[in-house]
Protein chains: 2
Amino acid sequence: MPEFLTLLPPDEARELLLSHLAGLRVNSESIDSDQALDRVTAEDVVAPHPLPEFPRSTVDGYAVRARDTFGATDSLPGYLTLIGEIPMGGAPEFKIQQGQCALIHTGGMLPEGADAVVMLEYTQPAHKNEMEIMRAVADGENVIKVGEDVKADQTVIRRGVRLRAAEIGGLMALGIIRVKVARKPRVGLISSGDEVIAPSQSPRPGQIRDVNAFTLAALVTKSGGDAVQYGIVCDEMSALKEIAARALTECDAVVITAGSSASTRDMTAEVISSLGAPGVLVHGINTRPGKPTILGVCNGKAVIGLPGNPVSALVNGYLFIVPLIEKLLGALPKVQAAVNARLVVNLSSQAGREDWWPVKLSRSGRGDTQSKSEYSAEPIFGKSNLIFMLAAADGLLRIPPDATGLSAGEIVKVFLI
Amino acid sequence: MPEFLTLLPPDEARELLLSHLAGLRVNSESIDSDQALDRVTAEDVVAPHPLPEFPRSTVDGYAVRARDTFGATDSLPGYLTLIGEIPMGGAPEFKIQQGQCALIHTGGMLPEGADAVVMLEYTQPAHKNEMEIMRAVADGENVIKVGEDVKADQTVIRRGVRLRAAEIGGLMALGIIRVKVARKPRVGLISSGDEVIAPSQSPRPGQIRDVNAFTLAALVTKSGGDAVQYGIVCDEMSALKEIAARALTECDAVVITAGSSASTRDMTAEVISSLGAPGVLVHGINTRPGKPTILGVCNGKAVIGLPGNPVSALVNGYLFIVPLIEKLLGALPKVQAAVNARLVVNLSSQAGREDWWPVKLSRSGRGDTQSKSEYSAEPIFGKSNLIFMLAAADGLLRIPPDATGLSAGEIVKVFLI
């Protein structure tokens, strides 16, 4: 198998692939901000005005000039003339002058002249239109100043941010009801193999239903792409070439899951090389599962060949398709969802090879404060052809290339899938 | 403020709310399995047949009777008669008898009589129709047996599982192209406050745009629910009652974000109590932010009153709306996405109160093997009215009620938001 002569480590392989796509990203589209959850911003978002736009009280109380409360205590209260109440949602129609105060509610607009608010509980009515103030406040106390949340022209959301609830709220607060986001990258999915049939069909002996097109479609969707299904192609060069060429024209990237035999894998490599320059960049990754993965670039678009085994295909989808989509989206690096867990068995690994183990997580029962690991991680042993092995897994455990294994009891990082 | 006399800890408050909804879950619907990503199964999924349905080879090689290879080595190979090649996607038309072998590809169907496969690299052609076998194999070696992935009638996916790529692949492998999932719970969202306007409008002095309806809608969507917007209601009891009653009829749960002043919060409580028995269950939570949160159940449906401050509303959305939706979906407990990080400053907290701090995570640069924390966590200080404070956060850090703070340098768990 000459194609396996130079196996690249996964990180290096991914870097090589992405380096050939430098500067490439999908174009943008404007969508309603309230529909933009999980989409990636295509440009910096700048505040059109400060937030808040007017000074607001953060408490229920009395708007005052701070210096008028100087020295006020329970035993020696100050006295201020109550000149009115500030309506919610409106501007006060009066100014606070020396010795005056006004009733204000949380979120209410501070009247001109006032610079602080005394909380309700530190006040009480004295005489008619007079309030007893039992606590001194500093300038700005219990007030949000103009621009304290954001200033006008401040960049509030950078390009490449995947929008969450908080960012969508921020857009709304600023009245930005349309937002420019990266178009969803279209990823064409092709399954090949004479033995593969559609899930809706009944397999005859020797046939299996297609799994990879659907696991990978879910992965593409979850990562922010649009999966485009090109169906199942038989193990025939011309058929695979034709459909792959069409997919490459119509999509931003193409993924071919090969039939599992060596000959069909070779065919995938040949097809990728025929689609355009530079063709195959990586043929074989030093990882388990996923050694036969092929990474290529044809006419400026990524084409990935994945092994037919469902576990290999999905694990290598996490390793290569997800970062590819993030690259096309122009997404900034994000914090990966992972948990620390205590490994329950020894795991051996070949030095130089990066292993990815599906693991099941269980709560250890008690919080282990020393290590902060509430979970134990149990690797799921099985052949990489077994899709339900992955369905039983909560995450993937990485054994780095420089390790020859992990020991039972070690705290390991499990990436949630 | 009499409503704050008995502040419940958040866990207790949540438990009380959910205990009033015991047994409640939304009904189910059948959908296409390839559209079922992130949906929650409404019943156990049982395998209609074993997987694989026929014995398959996991390698390229020769199908043999294991006992015929006994003792075979490089120096003392065995010899087997080659009787044919097994086509991919079909059943072999021959049986393997004593002393025979057949060429088989990865994923190919084992012929009758054969019970193992010798890898290609341990074989070479000897004479015409004769193969030299240089390695002995055990019964079952390089073979996936019938039912090795799943057995017929085995429960392969439990009720309450949120479907990921792997489960969708599993469904496809079994030909289950429709799946019964929990209908998305409808969560009605009402914003109240005389000062609140729609994001598309231009605020006059004293007015602010609605944020909470949109942050909470994103949270509901992300958690697997359907957000139903009921718009903004002014601070008038009859208007709020009317819209809340309609939302309660049309939805599975209702969330009211109150105007931020004490009087409007009281109004929310009164409205909840008027909607049906038992009404308000919890009025005030011993947490920061979010003290004024109200939890109620009216005629068997949850009604939640959240503070108007965007940070409080969203943090309390994570604490109460997310678990409520999971309860309605019948979702099994899942592993929460979190990372361990090193806190960079001291954080104090009032004993007995649970604090939730928005924090920003940064890569520490070097992987800290001792603690497995690659990140440092920096709390974002600011008033809970500032929505961009949350937009700057990667996650939330919990200070438990029994702690009076956390120290700089401590390893803390940050829940990703």
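Each reported figure results from applying straightforward, stated rules to the coordinates on display, with no laboratory input. Everything quoted here is computed from the prediction, not taken from an experiment. Because the Cβ atoms are built from the backbone with ideal geometry, glycine has one as well, and the counts that use them run over all protein chains shown.
Remark: B:219, B:120 ranked as B:120, B:219, counting other beta-carbon atoms within 10 Å and listing the fewest first. Spin-label point model (7 Å from Cα, Cβ direction): what's the residue A:249 to residue B:152 distance in nm? For residue A:249 paired with residue B:152, the spin-label model returns 4.7 nm. Beta-bridge orientation, the stretch A:56-144: approximately 85 percent antiparallel, per DSSP, counting only bridges with both partners inside. In chain B, helical runs assigned H by DSSP with n ≥ 4 each contribute -39500 (n - 2.57); averaged across all residues and rounded to the nearest 500, the mean residue ellipticity at 222 nm is -5500 deg cm²/dmol.
Where does helix B:10-19 land angle-wise versus the long Cα axis of chain B, in degrees 0 to 90, nearest 10? Relative to chain B, helix B:10-19 is tipped by roughly 80 degrees. If both residues of a DSSP beta bridge must be in chain A, then about 70% of such bridges are antiparallel. Counting charges near residue B:235 (Lys, Arg +1; Asp, Glu -1) among other residues having Cβ under 13 Å from its Cβ returns a value of -3. Straight-line cross-link partners of residue B:327 among the lysines, defined as a Cα under 19 Å from its Cα and at least 8 positions apart when in the same chain: B:180, B:184, B:222, B:301.
Relative contact order of chain B: 17 percent, from C-alpha pairs under 8 Å at least 6 residues apart in sequence.
In straight-distance terms, cross-link reach from residue A:151 covers every one of the lysines whose alpha-carbon lies under 17 Å from its own, apart from those fewer than eight places away in the same chain; here that gives B:383. Relative to the dominant Cα principal axis of chain A, helix A:262-275 is inclined by about 60°.
In percent, what relative contact order does the stretch B:338-416 have, based on Cα pairs under 8 Å that are 6 or more apart in sequence?
Relative contact order comes out at 50 percent.
Separation of the stretch B:15-61 from the stretch A:1-66 is 33 Å, based on Cα centroids. Look at B:315, A:255, B:161 and count the other Cβ atoms within 10 Å of each Cβ; fewest to most, that gives B:161, B:315, A:255. Rounded to the nearest 20 debye, the dipole size of the protein assembly as shown about its Cα centre is 120 debye, using +1 on the Cβ of Lys and Arg and -1 on the Cβ of Asp and Glu.
By the count of neighbouring beta-carbon atoms within 10 Å, fewest first, A:32, B:355, B:226 end up ordered A:32, B:226, B:355. Only Lys, Arg, Asp and Glu carry charge here, each on its Cβ (+1 for the first two, -1 for the last two); on that basis chain A has a dipole of about 940 debye about its Cα centre.
Label-to-label distances for residue B:98 across copies, nearest first, come out at 12.0 nm, using points 7 Å from Cα in the beta-carbon direction.
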